[in-house]
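Read the structure below first, then the notes.
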Amino acid sequence: MIVKETGLKGCVILEPRVFEDERGYFFESYNRSKFNELIGREINFVQDNQSYSRKGVIRALHYQTGEYAQAKLVRVLKGAVLDVAVDLRKDSETFGKHIAVELSDQNSLQLFIPRGFAHGFIVLSNTAEFFYKCDNFYNKESEGGIIYNDKELNIDWKLDEKDMIVSDKDKILPNFRNARL
């Protein structure tokens, strides 16, 4: 597996070694020992989540605060998404900066997002199955969010806003400056 830096400290892209032949393909998507060695610290994932969405669905930008903060390892099982991570670590030199990475079943890339980041994605293909591991359990009282179209973050979601499908809950999230960090 190859690790690629993203410009946001601790947030890395993982590219697996894919073995293909006339039968199809095989790759190791997760190996705890190798993963921890590659990122340079011990991560203990405790929960897996999966979603299915259609083109234009945006699920963003979410995070957990305090003792319930979550690191995530995200990937796409089918389809393609634009995956976004925003640095919320106030002591970080990249505080308020974001990265956007296309993840798909074709490129098999994964994105590791450490604790202290907001996360979201938009579906670029007709449909997508999105899968991620979390190193902490979800806690409703600790959830936070930032509106996907925050002017200060200026994220290019690659689709026209008129083509985006946003949940009622995500439509009323605060902007970056007013978010509970």
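The values are calculated or read from the model by the stated rules, or taken from the named source; none is laboratory data. All figures in this text were calculated on a predicted structure; none of them were measured in a lab. Virtual Cβ from ideal backbone geometry, glycine too; neighbours counted across all protein chains shown.
Annotations
- You will find that of E67, E5, E102, the residue that is surrounded by 13 or more Cβ atoms within 10 Å (Cβ to Cβ) and either in contact with a Cys (Cβ under 7 Å, 6 or more places away or on another chain) or not aliphatic (A, V, I, L, M) (or both) is E102 and no other.
Per-residue answers, yes or no, for (1) of a type in the set (K, R); (2) within 23 Å of P174 (Cβ to Cβ):
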| residue | (1), (2) |
| --- | --- |
| P16 | no, no |
| E22 | no, no |
| F26 | no, no |
| Y30 | no, no |
| R54 | yes, no |
| E67 | no, yes |
| L73 | no, no |
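- Members of region 88-102 that are over 24 Å from D160 (Cα atoms) and either assigned to a strand (DSSP E or B) or hydrophobic (A, V, I, L, M, F, W, C) (or both): L88, F95
- First in region 116-145 and over 14 Å from K78 (Cβ atoms), second anywhere and of a type in the set (K, R) and at pLDDT below 95, Cβ under 6 Å, 6 or more apart: G144/R180
- Exactly one residue out of I147, I172 is at pLDDT 95 or above and under 24 Å from E93 (Cα atoms), and it is I147.
- Among the residues making up region 31-54, those that are surrounded by 15 or more Cβ atoms within 10 Å (Cβ to Cβ) and of a type outside the set (A, V, I, L, M) are F35, F45, S53.
- Taken over region 70-108, the criterion of being closer than 18 Å to D48 by Cβ and polar (S, T, N, Q) is satisfied by Q70, S108.
- Only one of S51, S125, S92 that is over 19 Å from N36 (Cα atoms) and within 13 Å of the chain's Cα centre (by Cα): S51
- Checked against (1) of a type in the set (A, V, I, L, M, F, W, C); (2) farther than 12 Å from G120 by Cβ; (3) in contact with a Phe, Trp or Tyr (Cβ under 9 Å, 6 or more places away or on another chain), A80 meets all criteria but (3).
- Scope region 141-160; condition surrounded by 11 or more Cβ atoms within 10 Å (Cβ to Cβ) and under 20 Å from R54 (Cβ atoms); matching residues: Y148, N149, W157, K158, L159
- Scanning region 148-181 for residues that are of a type in the set (V, I, T) and farther than 19 Å from V81 by Cβ yields a single hit, I172.
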